[in-house]
Amino acid sequence: MSDQISMSSSMKTPDGIVYRDLQGEAVLLNLNTGTYFGLDPVGTRIWNLLQEQRSLQQILDCLLQEYDVTEAQCREDLLNLIGQMQEKGLVEVSNGKAP
């Protein structure tokens, strides 16, 4: 996980990322690198929230309302997923408040 990701970070989808929803699960494709990335239903929900230009804290708050999970576990899983997506060039991190 990148050190630059914090709960106040917001994400942006770089050019060349294609998203397809496949019955509640998603596949992301980075057209620039040919990298595929599959998302389960929770990952797909996170991706959809990211597209709404929310900060990670706002996404965490939404997930805690929607799923039966502890805040610590949800935060860890969210940061891990965002870190993996960043490493694969599927999201760009912007530190500071989301618009």
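In the set (1) within 15 Å of Asn95 (Cα to Cα); (2) crowded, with 16+ Cβ neighbours inside 10 Å; (3) free of Cβ contacts under 8 Å to residues at least 60 places away in the same chain, the condition left unmet by Gln53 is number (2).
For first residues located in the range 15-26 and free of Cβ contacts under 8 Å to residues at least 12 places away in the same chain, partners that are assigned to a strand (DSSP E or B) and not acidic (Asp, Glu) and lie 6+ apart or on another chain with Cβ distances below 7 Å form the pairs Arg20/Ala26; Arg20/Val27.
Asn32 falls short on exactly one of the conditions (1) part of a helix (DSSP H, G or I); (2) surrounded by fewer than 12 Cβ atoms within 10 Å (Cβ to Cβ), and that condition is (1).
Looking only at residues of the range 33-80 that are in contact with a Lys or Arg (Cβ under 7 Å, 6 or more places away or on another chain) and of a type in the set (Ser, Thr, Tyr), we find that the one that is nearest to Val18 (Cα to Cα) is Thr35. Kindly indicate whether Ile5 is touching a strand residue (DSSP E or B) at 6+ places or on another chain (Cβ under 6 Å) and not in a strand (DSSP E or B). Yes; evaluated as a whole, the condition is true for this residue. Only one entry of Leu60, Leu90, Leu81 meets the criterion of being more than 25 Å from Thr33 (Cα to Cα), surrounded by 12 or more Cβ atoms within 10 Å (Cβ to Cβ) and either at pLDDT 95 or above or not hydroxyl-bearing (Ser, Thr, Tyr) (or both), and that entry is Leu60.
The values are calculated or read from the model by the stated rules, or taken from the named source; none is laboratory data. From a predicted model like this one, the values you see are computed outputs, not experimental measurements. All Cβ positions, glycine included, derive from the backbone under ideal geometry; neighbour counts span all protein chains shown.
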